[in-house]
Protein chains: 4
Amino acid sequence: MTYAAGRHFLQIPGPTNVPDVVLRAMSAATIDHRGPEFQELAKQLLHDVKPVFGTTNPVVIYPATGTGAWEAALTNTLSPGDTVLAFETGHFATLWQEMARGLGLHVDFVPGDWRHGASPEVVVERLLADTKHRIKAVCVVHNETSTGVTSRVPEIRAAIDAAEHPALLLVDTISSLGSIDYRHDEWGVDVTVAGSQKGLMLPPGMSFNAISDKALNAAKTACLPKIFWDWGPMLTANERGFFPYTPNTNLMYGLREALRLLYDEGLENVFARHARHAAATRAAVRGWGLEVLCEDEREHSGALTAVLVPEGIDADKVRAIILDRFDMSLGAGLGKLAGKIFRIGHLGAFNDLTLAGTLAGVQMGLTLAGAPADPRGLQDALELLQND
Amino acid sequence: MTYAAGRHFLQIPGPTNVPDVVLRAMSAATIDHRGPEFQELAKQLLHDVKPVFGTTNPVVIYPATGTGAWEAALTNTLSPGDTVLAFETGHFATLWQEMARGLGLHVDFVPGDWRHGASPEVVVERLLADTKHRIKAVCVVHNETSTGVTSRVPEIRAAIDAAEHPALLLVDTISSLGSIDYRHDEWGVDVTVAGSQKGLMLPPGMSFNAISDKALNAAKTACLPKIFWDWGPMLTANERGFFPYTPNTNLMYGLREALRLLYDEGLENVFARHARHAAATRAAVRGWGLEVLCEDEREHSGALTAVLVPEGIDADKVRAIILDRFDMSLGAGLGKLAGKIFRIGHLGAFNDLTLAGTLAGVQMGLTLAGAPADPRGLQDALELLQND
Amino acid sequence: MTYAAGRHFLQIPGPTNVPDVVLRAMSAATIDHRGPEFQELAKQLLHDVKPVFGTTNPVVIYPATGTGAWEAALTNTLSPGDTVLAFETGHFATLWQEMARGLGLHVDFVPGDWRHGASPEVVVERLLADTKHRIKAVCVVHNETSTGVTSRVPEIRAAIDAAEHPALLLVDTISSLGSIDYRHDEWGVDVTVAGSQKGLMLPPGMSFNAISDKALNAAKTACLPKIFWDWGPMLTANERGFFPYTPNTNLMYGLREALRLLYDEGLENVFARHARHAAATRAAVRGWGLEVLCEDEREHSGALTAVLVPEGIDADKVRAIILDRFDMSLGAGLGKLAGKIFRIGHLGAFNDLTLAGTLAGVQMGLTLAGAPADPRGLQDALELLQND
Amino acid sequence: MTYAAGRHFLQIPGPTNVPDVVLRAMSAATIDHRGPEFQELAKQLLHDVKPVFGTTNPVVIYPATGTGAWEAALTNTLSPGDTVLAFETGHFATLWQEMARGLGLHVDFVPGDWRHGASPEVVVERLLADTKHRIKAVCVVHNETSTGVTSRVPEIRAAIDAAEHPALLLVDTISSLGSIDYRHDEWGVDVTVAGSQKGLMLPPGMSFNAISDKALNAAKTACLPKIFWDWGPMLTANERGFFPYTPNTNLMYGLREALRLLYDEGLENVFARHARHAAATRAAVRGWGLEVLCEDEREHSGALTAVLVPEGIDADKVRAIILDRFDMSLGAGLGKLAGKIFRIGHLGAFNDLTLAGTLAGVQMGLTLAGAPADPRGLQDALELLQND
């Protein structure tokens, strides 16, 4: 790679920009994972990680990326042949249900247009129809990283309750945790799946399961095979501040620092900051004369914004021009959205001027790619940032 | 923690001391794992990682710790009900076969005294007896981290061949790779399991499977469920320099640097350095009047040395005194060796004077713990280092 | 300090944003400054630092900040009672001549309005008038960090030559070196003074003197007292790759990396990048309806732009609002410009989108401070960046 | 450089081993040295640095190495033609008085054998003889880095008082501060000169003057020229948390961390640790059958030990062998001790096992160099470490 002056703009919806202080924390010497210093670290982290999930229940920390935490959520709570209800909200929801099928589960997969979240109405309908309670879990992706649509988890919880159905509620918060308001306990979520590399502002390599009592109970009889992902030995070892196998110590140093940053800023402030940047980004998109992918005002993501490019323009070409000319990475359209959208990540360690630079880069890149963007876009975003 | 002046001596048999240059490499900014810069990095690493395994075949890199790579080796090659032949060489061999049982496999577990490696003679015997070829895999831990005994893999290979048995050979090299001579291709190993945090001189969080053609073939019909660990999508994505899910980018930066260090030193020199430090350590142990756990001269580990403490002495108390007084971590006796041994790690980024400090600490600690160590121990070790 | 999310915009005209790779290089372990590894490093650096000065003559590296290198330039070439010709181009030119007076030199200080560079015409005039050659040196600040005005050094050289005057030419390039085209040898400069913390993209703490043969000759008779700054022992020790006293080794690691970045990008490209960002910044200033301090089109700085705020507005209040609201540091008006201007640094490790964010922040900040900035400003800058 | 496995043993008497946490602190982003965050940092440091000097008076922090702080001590308190009393305690004392001469001072230089500290008896004698009070300052090197001899500053203070002489007491603590008990106020020192790269555990590049009221008073009339080193503008700017010129911000981050480490350990404990390691080192030297350079039991240095090699052995060859074979740097004999001694640094971030490794390396190296060292040396040292 030749040197590109200045700092790369990593504006994909994760991995996000890792604060220097977190990277530095991670470069401390690795310690004995069976010694007292580690024990103290682990106990602290297992305690301190809970508020960002909005839980007082256990949170399991895996030394593995988010896809593993998906697998853990399924294998610890379900048995071969069980049915799960899932929603085609986008690429990642589709992958998760594919995983479920691959593990030997049945999936009731509700089709979607990738522009809306999971429908609470459909949840009620499907669960009411499931009089034999074959559906053991409802799987929802809180924030669809592929579309910038945030499903309304509290309404889905209410729907399950309305249907008086015993299904577990499993929620993927990989790209929402630490960026968008989330409350594991209050919303009655049974397993929350999360990863390190988005709102938690860490490099990838660590993932999480927050677990309700109901899920812990389900785990007693769940018989999908699992060893690495097994909650049992993990929770037992965690009680003493240890792990059943080698943890990834250096990412734990980073987590300690990242949690400190989040709590110092205040979770309320963190969520408000993300919402404000998302609003400014939508103002820019509309000012440019373009369309935001998400169609429901209640479901706009605070973490990323997916932008539909005009007919005849290849979104990947826009991205390539922006990378080449302005050293900024944007998210590609995934799956059936390939080439039709690009995604602007505005989550994690991020601020007004980085957003301004980001939007300026998109505005220039669109124009260079032959999709002239009205400069009103950036101007509208700045007015919002300035006045809000 | 109060401040302990100077540098901690991390002399457990892994995680090992990570070179500063590797830690610094890991603190570079995380990049887009779908972009061209990442692609170049991944292609380079997937290529450059092969020599340390002694293979020209594919090596899969998991963003997860070593236990996961164990699970990957089993789930990608075997089906429920298959039998594996395993050897009770120590704690980790025991755990691996427990995992196999947990995954629904049958295990023919050959008992051992934790002072010897896997027996090639028993391999021949068991495989010849298995006329119906129910044994699908022979599982061997190359270097037993819990005992400091290195199994003779080439002789086990020869034993399988002598028995004309089609079983796969799965080898755990977690604490040998990059420290003790190892040759995946030449020795006819089918799956080599490895981790980042030992001879590769990285923090924990990354693990590996090197895969023979025969194993790739077995994977086509293996039907243990696996998604995260599945070689298939991994190998396909790797061909283009990508991963089927988020990789742990920052550890990959570290791997690039660690491989550079190993290859700059030269693998032959790396292995010779470890062997020499192991010999000096054994000289010390014997000079102190103590016994090395490993009983077979052909099987002494180059990576660690397990030391039997005298009757009436609690090895964990020795370790606690050494940690408290000299800020050095040693490995505990695991499983049935708890309290009876301690383990000295002399692997990874390590040199003569750090070994001298290590052995001095053990010598003083033994004495303080009421197990007077003859100062001849350190002296003999130094003579070896000085003259060899 | 409470945590401010995201990265601070350090847009003062130095210290500049230090690339992560340079910071990481600086965090390597300190080595023996009398050993062979250091010797190799020093020899390499003393060689490699020359091209950025445009010289093949010696460059002295001081383990001290830039003010020291000013003192070195004077004390090594002059004697008590000598006269120097200096120009009131701004705050730093004023400080430098004050230093000269403090050291016992006479200063012929040509008054200036802080909006123009040193006048070649006045140089000719003063030197021609100095028939007795009492003027021993002409001191010029190449790029006035306090005003954003770049003096035309080649024309000043020509002026000295035209006057056939033997005075030395001493040039301060603290905020131009590595950002604005500069040629010590070709322009006949005798001592070039530079620092680490601007275009060289290092933290502060290191400074330089590039020295012509004529200056080396002058040093033989110069009798201002100096020990720390004395070129003699430095040049002698440097020949063998050493220093006469302890050097600041870790900044030298950083210098090695920073030079690599500059040469990889290519000095021509580095200068062009800075000029382009300066042009975009001026476009913004004018688009906002404001005035650039520098009045001569030939003298606009590539490194920073000083902006006059409207009558009745306190420039320091604008800066305070921008720091508070947008986490960006801008340069204050210094000396007699205090409160009347602010300075935008666009030098060092910098790129288009960071400039866009910077200008967006200034535009919003001006408006918030009651000096409404026409959004045309940012728009014009982006058009230039986009099309140029 | 080819890669040498493991960590280099940097056992010169400074620069010392910098703790990783200090190196990491130094790699934080450089901030605006005129902004509020810097102001807070500077105020804190200017306050927190005082206890390690044992003073409540001002301490000036120079962004330059220790030689500069020597020059500052002289130029701020003395005038051309003034006389200073100095002692030939070793290489650095000799260099300091050469500097004084070079600055135009007269030096009354008391000859010495480089094996003893400054003599309080001679101080009394010379000062009593100086009835006209031409001696304006007594210059003492607290810990002679070239010899491992620590002068008895309190006795020298008492000697000055006994002579009822008004001379200032200037003390170089470059290699003692933060390692050997030192009390600027209690001992009535007027200027204490210190550097960052020894007991303060920082890389080189920062130096200090602690200043008594009497010295501040002397500064009012001292007329040696100085600008960069001038206390006046420094103290004025420091009052508000700023500097008269660019400070070296990143080393200040390191200083904050290093002071935290020292105060967390407790200065008493720090001094005791150094004294213990020095005693163990002397035990080793004597056990090897060699002689410690320092001849007065009251003057052994806690920071380093100089070892006389046997007749016929070249100490530099011993050092070269140790560097080559064991990757350890030791200090050379300087000036008239070249080739006759080597110096073992045991200061800064250092602990028992690193000392054990260090002494093991020396023992082996001596033997390899043809100066067989009795293994009793290391053994005696370990016994001391073990029992003390």
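What follows draws every value from the coordinates through simple rules; no lab data is involved. These numbers were taken from a predicted model, which means no experiment stands behind them. Cβ atoms come from the backbone with ideal geometry, glycine included; neighbour counts cover every protein chain shown.
Tell me the distances, shortest first, between residue B:324 and the same position across the other copies, using label points 7 Å along Cα→Cβ, in nm to one decimal.
Result for residue B:324, in nm, nearest copy first: 4.5, 5.5, 6.7.
Treating the beta-carbon of each Lys and Arg as +1 and of each Asp and Glu as -1, no other charges, what is the dipole magnitude of segment A:65-151 about its Cα centre, to the nearest 20 debye?
180 debye
Quick check for me: using +1 on Lys/Arg Cβ and -1 on Asp/Glu Cβ, what's the dipole size of segment D:183-256 about its Cα centre, in debye to the nearest 20?
Dipole magnitude for segment D:183-256 comes out near 160 debye.
Could you state the number of Å between the C-alpha centres of segment D:5-72 and segment C:327-388?
34 Å
Using modelled backbone amide H atoms (1.01 Å from N, in-plane), which distant-in-sequence or interchain residues come within less than 5 Å of residue B:82's amide H?
B:106
So what are the radius of gyration and Dmax for the Cα set of segment C:2-146, in Å?
Rg then Dmax for segment C:2-146, in Å: 19.9, 62.
Identify all lysines with a Cα-Cα distance to residue B:340 below 23 Å; exclude those on the same chain that are fewer than 8 residues away in sequence.
Straight-line reach from residue B:340, under 23 Å: B:317.
About its Cα centre, how strong a charge dipole does chain C have in debye, to the nearest 20, once Lys and Arg get +1 and Asp and Glu get -1 at the Cβ?
680 debye
In nm, give the distance between the simple-model label positions of residue D:37 and residue C:113, each being 7 Å from the Cα along the Cα-to-Cβ direction.
3.8 nm
For D:43-54, what's the mean count of beta carbons from other chains sitting within 10 Å of each residue's beta carbon?
0
Any lysines with Cα under 17 Å of the residue B:214 Cα? List them, leaving off those in the same chain fewer than 8 positions away.
B:136
Per the helix-only calculation at 222 nm, which mean residue ellipticity applies to the protein assembly as shown, given -39500 (n - 2.57) for every DSSP H run of n ≥ 4 and division by its residues, nearest 500 deg cm²/dmol?
Calculated from helices alone, the mean residue ellipticity at 222 nm is -13000 deg cm²/dmol.
Which chain B residue puts its Cβ closest to the axis that rotates B onto D, and at what distance in whole Å?
For chain B, the closest residue to the axis carrying it onto D is B:357, 2.
Given label points at 7 Å from Cα along Cα→Cβ, what nm distances, shortest first, separate residue A:36 from the same residue in every other copy?
Copy-to-copy label distances at residue A:36, shortest first: 4.2, 4.4, 5.5 nm.
Expressed as an acute angle from 0 to 90° and rounded to the nearest 10, what is the orientation of the C-alpha long axis of helix D:91-102 relative to the principal long axis of chain D?
30 degrees
Mind listing the phi-derived Karplus ³J(HN,Hα) values for segment C:30-37, rounded to whole Hz, using 6.51, -1.76 and 1.60 with θ = phi - 60°, and x for any glycine or proline?
Using θ = phi - 60°, the values come out as 5, 10, 5, 7, 10, x, x, 5 Hz.
Could you give me the radius of gyration and the Dmax of segment C:130-170, taking only the C-alpha atoms into account and expressing both in angstrom?
Here Rg and the maximum Cα pair distance are 11.6, 35 Å.
Between copies, how far does the label point of residue B:372 sit from its twins, in nm, shortest first, when each point is 7 Å from Cα along Cα→Cβ?
Listed shortest first, these distances are 2.7, 9.3, 9.5 nm.
Quick check: pseudo-label points 7 Å beyond the Cα along Cα→Cβ at residue C:183 and residue A:260, how many nm apart are they?
Placing both labels 7 Å along Cα→Cβ, they lie 5.2 nm apart.
Give a residue-ordered list of calculated ³J(HN,Hα) values for segment C:72-83 (Karplus: 6.51 cos²θ - 1.76 cosθ + 1.60, θ = phi - 60°; whole Hz; x for Gly, Pro).
Here the 3J(HN,Hα) series is 4, 4, 6, 6, 7, 10, 10, 10, x, x, 5, 10 Hz.
Taking segment C:269-369, which GluC sites (Glu not before Pro) meet the DSSP loop condition and have no more than 11 other C-beta atoms within 10 Å?
Taking segment C:269-369 and a limit of 11 other Cβ atoms within 10 Å, the loop GluC sites (Glu not before Pro) found are C:311.
Could you work out how far helix A:249-265 tilts from the main Cα principal axis of chain A, as a 0 to 90 degree angle to the nearest 10?
So the inclination is approximately 60 degrees.
Mind checking which aspartates and glutamates have their C-alpha under 14 Å from residue D:132, skipping anything on the same chain fewer than 8 residues away?
Qualifying aspartates and glutamates at Cα under 14 Å: D:82, D:164.
Counting only other residues whose beta carbon sits under 11 Å from that of residue B:333, what net charge do I get with K and R as +1, D and E as -1?
Every neighbour counted, the sum reads +2.
For segment D:210-241 and segment B:161-194, what is the separation of their C-alpha centers, rounded to whole Å?
If we compute the Cα centre of each part, the gap is 71 Å.
Rounded to two decimals, what is the ratio between the C-alpha radius of gyration of segment B:20-263 and 2.2 N^0.38 Å?
0.99
So for the protein assembly as shown, Kirkwood radius off the Cα pairs, Stokes-Einstein at 10 °C and 1.306 mPa s: how many µm² s⁻¹?
For the chosen part, D equals 45 µm²/s.
What are the extents of the Cα atoms of segment A:260-388 along their three principal axes, listed from largest to smallest and rounded to whole Å?
Taking the Cα atoms of segment A:260-388, the three principal extents are 45, 31, 29 Å.
For segment B:235-315, which trypsin sites (Lys or Arg not before Pro) pass both filters: DSSP loop (anything but H, G, I, E, B) and at most 10 other C-beta atoms within 10 Å?
Sparse-neighbourhood loop trypsin sites (Lys or Arg not before Pro): B:240.
Spin-label point model (7 Å from Cα, Cβ direction): what's the residue B:4 to residue D:106 distance in nm?
Computed distance between label sites residue B:4 and residue D:106 equals 5.8 nm.
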